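Encoded as structure tokens, the structure appears first; notes follow it.
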Amino acid sequence: MRIVVHDYVGYAFPAQLARALARRGHDVLFLHCSSFTAGKGLVDPTEGDPATLSFDSVRVAGSFAKYDVRRRIAHERETGRELARRVAAFRADVVLSSNAPLIVQRALLQTAHAHGGRFVFWQQDVISAAARRVLGRRSRLVGATAERAVAVLERRLLRGSDAVVVISEDFLPLLRRWGVDEARTTVIENWAPLDELPVRPQANQCVC
């Protein structure tokens with residue numbers, strides 16, 4: 001099976017999952033956005049990686065606009081188109097996507113379905129609620145309006161996905177209200193790739 005594991009941010013545990021799937025005999029492509037500044041995991045090839053595993057990334061000119069809404073939307077559209085192009089070229093049977101803006105999720109879902117593949121929405125956060133929290137700092141009205149608008153797209157993408165993975169059972173009541181099929185929903189908590197964390201000498205202060 002040809003699988004794309006996409007984590008927009010490039011965190012460690014999705015990259016670890018990509019390696020595990022490749023070791024099980026699947027052809028796996030790991031994708032991320034290199035322009036997004038965050039604590040990234042091992043998102044480049046390492047010695048001992050399976051031959052069936054490959055890594056790729058997309059980037060925007062300059063820095064990613066986290067806090068400029070208009071520029072950020074433009075960057076998300078740009079990276080979404082490019083990520084979708086990589087998925088189409090890979091001829092993925094399954095696309096598993098996490099930590100991605102909804103604009104990017106939509107591009108990947110549409111591309112996966114257009115080429116006969118399946119799309120798995122790995123939900124790390126309720127993005128519409130996050131929009132309310134961020135924009136609500138300026139105005140409660142703006143926050144509530146943003147939440148309703150974003151929720152329309154978020155609900156449609158979740159309902160249109162072939163499967164949904166959530167990181168906590170706390171997500172389930174909302175998904176039920178949104179009409180997401182429970183039979184296609186799985187709870188898998190995030191994990192830490194302990195073998196990739198540096199072990200340093202203990203340096204606790206002595207309390208006598």
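Using a 1.4 angstrom probe on the protein heavy atoms only, could you order Thr52, Thr186 from most to least accessible area?
Reading off the accessible areas and sorting them downward yields Thr186, Thr52.
Which value, in Å² rounded to 10, gives the accessible area of His32 with a 1.4 Å probe and all protein chains present?
10
Net charge around Gly25, counting only other residues with Cβ within less than 15 Å of its Cβ (Lys, Arg = +1; Asp, Glu = -1)?
+1
How large is the dipole of segment 1-71 about the Cα centre if only Lys and Arg carry +1 and Asp and Glu carry -1, each at its Cβ, rounded to the nearest 20 debye?
260
Around Met1, what is the net charge, scoring Lys/Arg as +1 and Asp/Glu as -1 over all other residues with Cβ under 12 Å from its Cβ?
+2
The values are calculated or read from the model by the stated rules, or taken from the named source; none is laboratory data. This is a predicted model, so every value here is computed, not measured. Neighbour counts run over all protein chains shown; Cβ positions are idealised from the backbone, glycine included. Just so you know, the surface numbers come from the protein's heavy atoms only, side chains and all, with ligands and any DNA or RNA stripped out. Shrake-Rupley method; radii C 1.70, N 1.55, O 1.52, S 1.80 Å.
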